[in-house]
Every structure is written in C-alpha cells, then in structure tokens.
1. Tell me the label-point distance for the pair Asp289, Asn308, using the 7 Å Cα-to-Cβ offset, in nm and rounded to one decimal.
2. Kindly write out, for the range 52-67 in residue order, the coupling ³J(HN,Hα) from the Karplus curve 6.51 cos²θ - 1.76 cosθ + 1.60 (θ = phi - 60°), rounded to whole Hz, with x marking Gly and Pro.
3. Taking amide H positions as placed in the peptide plane 1.01 Å from N, state which residues far from Thr161 in sequence (5 or more) or on other chains have amide H under 5 Å from it.
4. 5 Å is the cut-off here: which amide hydrogens, built 1.01 Å from N in the peptide plane, fall below it relative to Ala352, excluding neighbours closer than 5 in sequence?
5. Can you compute log10 of I(q)/I(0) for the range 43-92 with the Debye formula, treating each Cα as one identical point scatterer, at q = 0.15, 0.25, 0.30, 0.33 Å⁻¹?
6. Where does helix 86-101 land angle-wise versus the long Cα axis of the chain, in degrees 0 to 90, nearest 10?
7. One-quarter of the Cα convex hull surface for the range 228-379, in nm²?
8. Compute, for Leu283, the solvent-accessible surface of its heavy atoms (probe 1.4 Å) with the complete set of protein chains present, and express it in square angstrom to the nearest 10.
Amino acid sequence: MKTTMTALALLMTTGAAMAQDDRQIPLMEVEGDADRDFYLVEQMNRPGELEALREVVGSEAVPLAVEQDGPLQIALVYPSADVSDFWARMYLAFTKRLDELGIEYETTEFASRQIEHSLQATYTDQVIQDKDIWDFVLFGPSELATQADNIDKLAATDDFTTFVISFFTPPKYLENQPAGWFDFSAAEGALLICDYMVDRLGPDQVYALNRGIPGITDNQRSGDFAACVEEKGNWDLAYEHYGEYRREGGFDGTNYIMQSYPEAKIIHNANTAMAMGSVEAQLAMGMEDEIFSTGWGGTGLELEALRNGELDATPMRMGDDVGAAVAEAIKYHLEGRENELPRIFLGRITIANNEMSVDELNALEQEAFRFSGVGALER
C-alpha cells in the first residue's frame, strides 16, 4: 500500500501542493544548443541548488521532519547484475542514508545486466502496470538512448516519482522529464584534472591519450581534457589510442606511445582498467618514473597505485554521494521541499595525487566509500 503523509506533513506543505517543480526547461539557451540533443546542467539547475545539495550529502544526516503512516515502496530498475560494483555501492549508500534519515522504506529490485535492454523495458512496463504500489522508482538505464522511451513513460506516470541514476544528460526529445538525474560529471572531472596537471607540470608539454570508446563519456573524459590543456597550457597531443576501456587497451596503447612517441612524457587514461594496463606497460619497460600518468575515478586500484608511486593523479569521485543524494531527494519530497532540489545532481570529484600522504589518501577513500565500505564488496 502506498504511503500517505500524516496531518503534520500536510500542514507543513499547505499551499505548496507538495511543491511540484514547475520550472521552465530549459532555463536558458546556451551556445552550441543546436549541436546537442541533451540539456546541460546549467539549463536544468537554478544557481546554488547543486552546491547546496552537495553540502547536505557531505554532512551528517538531519532526520526526516515529518511522520510517515508506513514504509515507502521503492522500485529499483537497474543493471545491478553486471560485473561493476557501482550499483551495489549505490544501493548500500542509498539505503544506509535512508536509515540515517529515519525514513521507513521497503525496496524491490528489478535487476538486469548492462546489455539486457529488452529486459529493462519489460521491467518498466511491469512497474507502470503496478503503479499504485510505488512511491518512488529509481531507474538506472542500461543505455540512455535505448531506454529514453521508458524514462519518458516512467516520468509521465503521476502515481510515483521517478529518478534516473548514472546519467546527467537529459535528452531534449523527452516529453516528460523525471524528477531528478543523479551521476558524476565526466566533463567536470576532465576540467579538474586539466587544471591540476597544467598547474603542476607547466605549459608546453607533449602528451598522449588512452581513450575509451567513441561516445559522450569519452568525449568528455578525453576530449574535454584535450581541449582544456591545449587552451590553458598550450600542450601538444602526440597520439591518441582507443583502448576500449580495457586493461589490454591501456597496455598496448602505452607500449606504442613509449616506442613511437618517446617525446610524450604524459599519458592520460580515460578509466581505471586502461590506467592499470598503462602502469603495467611502464613497469615492464622501467619507465614508470619518466612518465606522468593518470587514472579515472579514484578506485581502490588507482589509490593503491598512487600509494606505490606507480600512478600520478586521478579525478576521484566521492562514490557514495550518488546513493546518499537520492535518499536526501526522497526526504525533500516527503517534506514538500522538492522545489529546492537541483534537477541534476553531480557527486563531488577531487584530485587524488601521489604528492598526498598515505593518511590523506586513506581519508579520501574513507569519505568516498563512507556508506558502502572500503575494499572489494562481497557479492
């Protein structure tokens, strides 16, 4: 049975009709709109909203200020059966933050693998068919464009509130926008690591890229980084290798760079797997002290490589921010304060580097995984 708010909750939201967000989308036109089929963060969020929620997510929980008549019913439709532990960590952070907030809830998971697009469509139809059950639906698309119609259908259903996890690029062609998007910004990470490296290494450097797979993620992680270091540091790109986000791709790309482009003393890797392959190649040739190399994400493997002096820097995501932010968003909705929420939440990113002490790196790791735990998950 769906949860209803008590008289106290209704009193707190009088005149707000649960404060439905009626902001105009987009909030503004920006340069390059005609070349994009999605909205940018600044076109969805009002000034200060994202920063405010980031502050809340990084602080101690403040319990729910209204009473519940019973537990919320929450459906999670996501590719949590895949190898990546992102979804398991998101779920742990989400539920533990709900517990801290004093929110009663029951969850039902509809799990798939990343490639099982049709199964997600089936789950979507099932959730909508049982729409009177759910209060909130958390949807982690197997792939954004493939699942866009399902996002549209979920967002069009008034019986529950829909949040989209692991994407932050709302397609313009959606007729119905979900209540929120929750992710980390690859573009933000690219600019942060660019600023750090230009400041640390100086201008007029020669570098190479181990890129992932052509698409929006690599365009941001690699392409935005390349544009930034060219503009801010006058850096020269010697070579770019598409390693398909695989360890072998990073290994092969780095071997080729070291042999064919010895002038490139900086290698930017677009994910953890390629960074680890790159480190292996450098160690095999005894070149690890001569090349400045990056990772992406601040995973446990990357932090260990930083501690060992094998990796130099990485944009480190505060990994549990996303799950905690979804829990906070539910609290805001229950309290009738959803108008205070950003439509796009981006978790915090900081630069972890080999000039930090072991204690500093350990503290970053503890913060990043404060809910889901440091180290490999038992699954």
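1. The answer from the label model is 1.7 nm.
2. So the Karplus estimates, Gly and Pro as x, are 5, 6, 4, 5, 5, 5, x, 10, 5, 5, 10, x, 3, 8, 10, 9 Hz.
3. Phe136, Val137
4. Thr314, Met316
5. -0.80, -0.98, -1.01, -1.11
6. Between helix and principal axis, roughly 50 degrees.
7. Value for the range 228-379: 11.7 nm².
8. For Leu283, solvent-accessible area is about 80 Å².
The values are calculated or read from the model by the stated rules, or taken from the named source; none is laboratory data. Predicted model, so just to flag it, every value in this text is computed and none were measured. Note: ideal-geometry Cβ built from the backbone for every residue, glycine included; neighbour counts use all protein chains shown. Keep in mind that these areas ignore ligands, DNA and RNA; they rest on the heavy atoms of the full protein, side chains included. Shrake-Rupley method; radii C 1.70, N 1.55, O 1.52, S 1.80 Å.
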